[in-house]
Amino acid sequence: MKYLKNTNRIDHLITVYGDFPVLQGDVTKTENGFEYKNETVSVKSVFEEHKSGLVSRKDVITNVSDRTITLTKALSKFTLNGGEIEVYTQFTEWCEESQGCWEKLETEISARNDEFRSNSNASPFFGVYNEQNQRGLAFHIMCNGAWSYKVRKYFLAKNGYQRRCDVELGLCCDNFLYELKSGESLELPEILYYEFKNKVDLDAYKLHRYANERFPAKEFPIIYNTWMSHF
């Protein structure tokens with residue numbers, strides 16, 4: 001949550017496009033997040049911090065107009081300080097799971113998965129590291145379908161010299177077309193994120209502690225698995 005403490009505009013918090021005007025204006029800060037509302041849609045972002053330091057973010061978009069609207073893009077967004085940025089990504093395939101590396105962010109780095117298998121080819125986990133302050137943010141998309149993320153570096157000329165790094169993540173919006181009737185809501189994929197300083201393992205223990213508490217181990221019955229019977 002603290003990484004968005006200077007957020008005051010809706011276009012710094014979320015990216016939503018459709019058959020309605022682009023969202024503009026200020027957000028209202030709440031006890032545990034942000035809210036925004038215009039004549040067409042409302043946006044509610046809720047943040048919950050775990051004792052491990054990991055934060056869960058949930059965004060909900062609601063149609064507050066009296067007509068059916070169509071969404072063509074809907075992504076959670078983080079607006080970060082610019083600088084010398086590196087991005088950690090992972091590729092995964094059969095017998096070559098979670099092969100990751102760091103890349104210098106020159107313009108834009110992105111990944112997506114438009115299959116039902118959430119870790120096919122790319123993984124919904126990545127890291128953004130700032131060499132100036134030697135800190136980074138790790139992100140994990142809690143996906144239940146096609147997902148995507150994009151990290152992009154900006155140079156802003158107005159108001160003096162300024163660099164910015166935008167992170168957009170969540171639904172894969174290629175060929176995305178989603179109708180919301182009046183009063184209906186769309187809940188975007190939950191985003192888990194946390195700060196790290198160690199570029200070797202991205203302080204993954206924070207994610208492990210959170211997962212172990214949220215998804216405790218269960219006892220499974222003994223199952224005869226024939227998958228490896230002919231190796």
Contact list, first residue from the range 199-222 and open to solvent by less than 100 Å² (accessible area, probe 1.4 Å), second anywhere and of a type in the set (A, V, I, L, M, F, W, C) and assigned to a loop (DSSP other than H, G, I, E, B), beta-carbon distance below 6 Å, six or more apart or interchain, is LYS206/LEU54; TYR210/LEU54
Quick test of your reading of the structure: VAL60 fulfils all but one of (1) within 24 Å of PHE126 (Cβ to Cβ); (2) open to solvent by 30 Å² or more (accessible area, probe 1.4 Å); (3) without any contact (Cβ under 8 Å) to a residue 40 or more places away in the chain. Name the failing condition by number. (3)
Go through the range 83-123 and tell me which strands (runs of 3 or more DSSP E), entirely inside it, have 2 or more residues that are in contact (Cβ under 8 Å) with a residue 60 or more places away in the chain. 85-93
Taking the range 33-71 only, how many residues are under 18 Å from the mean Cα position of the chain (by Cα) and in a loop (DSSP other than H, G, I, E, B)? 3
So VAL55 clears everything in (1) open to solvent by 20 Å² or more (accessible area, probe 1.4 Å); (2) under 17 Å from TYR193 (Cβ atoms) except one condition, right? Which one? (1)
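Scan the range 21-32 for residues that are assigned to a loop (DSSP other than H, G, I, E, B) and over 17 Å from VAL60 (Cβ atoms) and jot them down. Walk me through how you get there before you give the answer.
The initial filter retains those residues of the range 21-32 that are assigned to a loop (DSSP other than H, G, I, E, B), namely 21-25, 27, 31-32.
Matches in the range 21-32: PRO21, VAL22, GLN24, GLY25.
Which of the residues spanning the range 95-109 are under 24 Å from PRO189 (Cβ atoms) and open to solvent by 70 Å² or more (accessible area, probe 1.4 Å)?
Within the range 95-109, the subset under 24 Å from PRO189 (Cβ atoms) is 97-100, 103, 105, 108-109.
Matches in the range 95-109: GLU97, GLN99, GLU103, GLU108.
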Failed condition for SER76, given (1) more than 15 Å from the chain's Cα centre (by Cα); (2) assigned to a strand (DSSP E or B); (3) small (Gly, Ala, Ser), with all others met? (1)
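From ARG117, ARG112, which residue is open to solvent by 70 Å² or more (accessible area, probe 1.4 Å), of a type outside the set (S, T, N, Q), at pLDDT below 90 and under 18 Å from the mean Cα position of the chain (by Cα)? If you could, list the steps in order and put the result at the bottom.
Numbers: ARG112 fails: at pLDDT below 90.
Sole residue among the options that is open to solvent by 70 Å² or more (accessible area, probe 1.4 Å), of a type outside the set (S, T, N, Q), at pLDDT below 90 and under 18 Å from the mean Cα position of the chain (by Cα): ARG117.
Name the residues in the range 16-31 that are open to solvent by 70 Å² or more (accessible area, probe 1.4 Å) and either under 15 Å from SER76 (Cα atoms) or without any contact (Cβ under 8 Å) to a residue 40 or more places away in the chain (or both), would you? First the steps, then the outcome.
Looking only at the range 16-31, we keep the residues that are open to solvent by 70 Å² or more (accessible area, probe 1.4 Å), and these are 17, 19, 21-22, 24, 26, 28-29, 31.
Residues satisfying the conditions are TYR17, PRO21, VAL22, GLN24, ASP26, THR28, LYS29, GLU31.
The values are calculated or read from the model by the stated rules, or taken from the named source; none is laboratory data. Since the structure is predicted, the reported quantities are computational estimates derived from the model, not experimental observations. For neighbour counting, all protein chains shown are included, and Cβ atoms are generated from backbone atoms with ideal geometry for every residue, glycine included. Areas reflect the complete protein model, heavy atoms only, side chains present, ligands, DNA and RNA absent. Shrake-Rupley method; radii C 1.70, N 1.55, O 1.52, S 1.80 Å.
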